[in-house]
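Notes follow once the structure below has been shown.
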Amino acid sequence: QVQLVESGGGLVQPGGSLRLSCAASGSIFSIGNMGWYRQAPGKERELVAFITLGGSTNHADSVKDRFTISRDNTKNTVYLQMNSLKPEDTVVYYCNAVIRRWSQSTGSDYWGQGTQVTVSS
């Protein structure tokens with residue numbers, strides 16, 4: 001069994017910062033790409049950023065120069081540093097990872113439970 005557990009969401013004022021964390025645990029053989037998505041009510045889930053095993057990153061245009069994704073492979077954890085937060089960043093954030101379990105020959109997509117980020121004065 002594999003779990004992704006997120007933390008770090010909450011309430012912050014416009015212009016403030018938050019750091020999201022997502023730790024993978026369980027019977028993990030390897031982890032490939034890891035990423036963060038967000039979803040507003042009534043809208044489709046959208047990619048915020050992803051990072052490959054080797055550390056290459058891609059950020060959505062809406063968060064470039066404000067958000068930074070990183071990972072610690074020794075801790076099976078992906079982070080999202082969010083700076084200069086805006087009210088429109090107020091949504092639920094989900095982490096995602098492609099994880100190969102010991103019992104599998106290929107990886108599968110896993111999702112965290114979601115963490116609410118609210119940007120408001």
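The values are calculated or read from the model by the stated rules, or taken from the named source; none is laboratory data. Quantities reported herein were computed from a predicted structural model and do not represent experimental measurements. A quick note on method: Cβ atoms are made from the backbone with ideal geometry, for glycine too, and the neighbour counts reach across all protein chains shown. To get the accessible areas, we keep the full protein, side chains included, count just its heavy atoms, and leave off ligands, DNA and RNA. Shrake-Rupley method; radii C 1.70, N 1.55, O 1.52, S 1.80 Å.
Annotations for the structure displayed:
- Here segment 33-53 is the region considered, the condition is being at pLDDT 95 or above and of a type in the set (Gly, Ala, Ser), and the residue that is nearest to residue 115 (Cα to Cα) is 35.
- Of the strands (runs of 3 or more DSSP E) lying entirely inside segment 1-110, those carrying at least 3 residues that are touching a Gly at 6+ places or on another chain (Cβ under 7 Å) are 2-7, 18-26, 46-51, 91-101.
- Matching residues, segment 111-121, being in a strand (DSSP E or B) and open to solvent by 50 Å² or more (accessible area, probe 1.4 Å): 111, 116
- Test: residue 107 is of a type in the set (Gly, Ala, Ser), within 26 Å of residue 15 (Cβ to Cβ) and open to solvent by less than 60 Å² (accessible area, probe 1.4 Å): no
- Scanning segment 73-88 for residues that are among the β-branched types (Val, Ile, Thr) and touching a strand residue (DSSP E or B) at 6+ places or on another chain (Cβ under 8 Å) returns 77, 78.
- Within the set 84, 30, 56, the sole residue that is farther than 18 Å from residue 116 by Cβ and open to solvent by 70 Å² or more (accessible area, probe 1.4 Å) turns out to be 56.
- Within segment 1-32, the residues that satisfy the criterion of being within 11 Å of the chain's Cα centre (by Cα) and more than 19 Å from residue 121 (Cα to Cα) are 4, 5, 6, 7, 20, 21, 22, 23.
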